[in-house]
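These notes are about the structure you will find just below.
The values are calculated or read from the model by the stated rules, or taken from the named source; none is laboratory data. Predicted, not measured: the structure shown is a model, and the values here were computed from it. No Cβ is skipped: glycine too gets one built from the backbone with ideal geometry, and neighbour counts run over all protein chains shown.
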Amino acid sequence: MKLVFILLGCVVIFLIIQYIFTINEEFTNNTKLEITHPSSSITFNKIDQSDMAYINSYIPLNSVECLNLKCNLPINKQETSYSKYYRENLTNFTENDKTKLKDIIQNINSSARFIDKNYSKFSEFLVNYTNGIKWNILKTQNLELDLPCTLSKCILMPSNVFETPNWNKIEETLAHEQVHILQRQNQSDFNEFYSQSNIFGNYITPIKKMDIDYSALELENVVITNPDEDNIEWIIKDISGYYIVPYVIPRNSLNSHVSTQTAYQIDRKNYIVTGNKKLVQELDYYKYIKKTLSNGVGVNIAHPNETFTDIFLL
């Protein structure tokens, strides 16, 4: 009889432990269970509480019009809970997706540019942060204009890239987005690198985005918040004045792609965007990057996070 009570006690303790783990379990959509690959530290479609906290802080940085564009919603619709919308717009990975992605990630983790400080001056800096990289990939639909990007520690990959997959391109995209994750986790170090290393030729200086008046663009464009950036805008010094390169979608053609091809002049004293503009290819900064750092290849100069990543992956 004593043995029976002992066994019953063990069962009760086991059930209590299971219950505790259940009520503290992080969010994972019921139809999209977490898959973990121990040797590569990869998870699929996992959104935990810290990710939700990040999304909740990220969403107010966007206008309603911008969020609706990003979520493929009617422009005048007011979504009751954008964070819930972000959380729920996941779709299932196929087993083939997972197998191919694990192989691709293994290639990235072992590539020279991620582990060899002598590979390039950008690798020399980045390798300080690449030890023990963790990957969390979300397969999404109707989020962030259906473009690959990052939020918190998650890489968002739109489901359309897996419909007729170009795995070489997917590998480059994942490498690109993982660099953005490392930047986010160490953004102050990267910003110091951008500012003090002279690698960008002293053409750029940081300013908080909240201090900039973008109202001159409001009639012509929807200004889009790039989720791979931080809350810093970088002012570009040019022979003809000071400029910024925001992400915009022309308001009269909302089906257009996001553009970073135009530099808008900014009043350096009051941080007001004047509306005067020029093509980014005409900026001294762009010419310097193309001639000195990117071997003649054009790169994105909207934000040094993008410039760094583009050149790092060349």
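Residue-wise test of (1) in contact (Cβ under 8 Å) with a residue 60 or more places away in the chain; (2) touching a Pro at 6+ places or on another chain (Cβ under 8 Å); (3) part of a loop (DSSP other than H, G, I, E, B); (4) outside the structural domain of residue 301 (by TED's automatic domain parsing).
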| residue | (1), (2), (3), (4) |
| --- | --- |
| 198 | no, no, yes, no |
| 202 | no, no, yes, no |
| 207 | yes, no, no, no |
| 219 | no, no, yes, no |
| 223 | yes, yes, no, no |
| 227 | yes, no, yes, no |
| 230 | yes, no, yes, no |
| 243 | no, no, no, no |
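Could you please find all residues in the stretch 279-293 being surrounded by fewer than 19 Cβ atoms within 10 Å (Cβ to Cβ) and free of Cβ contacts under 8 Å to residues at least 40 places away in the same chain? Talk me through it step by step, then tell me what you get.
Filtering the stretch 279-293 down to residues surrounded by fewer than 19 Cβ atoms within 10 Å (Cβ to Cβ) leaves 279, 281-282, 284, 287-288, 290-292.
Result: 279, 281, 282, 287, 290, 291.
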Practice task
Give the residue that is farthest from residue 286 (Cα to Cα), with candidates limited to residues of the stretch 231-251 that are crowded, with 16+ Cβ neighbours inside 10 Å and among the charged types (D, E, K, R).
Solution key: 233
Practice task
Within the stretch 173-196, identify whether any single residue is farther than 24 Å from residue 71 by Cα, in contact with a strand residue (DSSP E or B) (Cβ under 9 Å, 6 or more places away or on another chain), in a strand (DSSP E or B) and of a type outside the set (Phe, Trp, Tyr), and answer yes or no.
Solution key: no
Exercise for the section: Kindly establish whether residue 138 is at pLDDT 95 or above and either farther than 19 Å from residue 171 by Cα or not acidic (Asp, Glu) (or both). Expected result: yes
Problem - Residue check, residue 275 farther than 27 Å from residue 175 by Cα and surrounded by fewer than 14 Cβ atoms within 10 Å (Cβ to Cβ) - result: yes
Exercise for the section: With the condition kept exactly as written, say whether any residue in the stretch 69-77 is under 16 Å from the mean Cα position of the chain (by Cα) and at pLDDT below 95. Expected result: yes
Practice task
Count, please, the residues in the stretch 118-133 that happen to be in contact with a Leu (Cβ under 9 Å, 6 or more places away or on another chain) and charged (D, E, K, R).
Solution key: 1
Practice task
Mind listing just one residue for me: the one in the stretch 97-126 that is farther than 17 Å from residue 139 by Cα and touching a Phe, Trp or Tyr at 6+ places or on another chain (Cβ under 8 Å) and, of those, surrounded by the fewest Cβ atoms within 10 Å (Cβ to Cβ)?
Solution key: 112
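Considering every residue within the stretch 245-256, establish whether at least one is assigned by TED's automatic domain parsing to the domain that holds residue 231, at positive phi and in a strand (DSSP E or B).
If we filter the stretch 245-256 for residues that are assigned by TED's automatic domain parsing to the domain that holds residue 231, which is where we start, we get 245-256.
Checking the rest, the ones that are also at positive phi come to none.
No: zero hits.
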Exercise for the section: Output the residue which, of all residues in the stretch 67-111 that are part of a helix (DSSP H, G or I) and aromatic (Phe, Trp, Tyr), is farthest from residue 45 (Cα to Cα). Expected result: 82
Exercise for the section: Restrict the check to the stretch 44-57 and report whether at least one residue is modelled with pLDDT under 90, more than 18 Å from residue 149 (Cβ to Cβ) and surrounded by 12 or more Cβ atoms within 10 Å (Cβ to Cβ). Expected result: no
Practice task
Taking only the stretch 245-271 into account, find how many residues are free of Cβ contacts under 8 Å to residues at least 60 places away in the same chain and more than 23 Å from residue 149 (Cβ to Cβ).
Solution key: 7
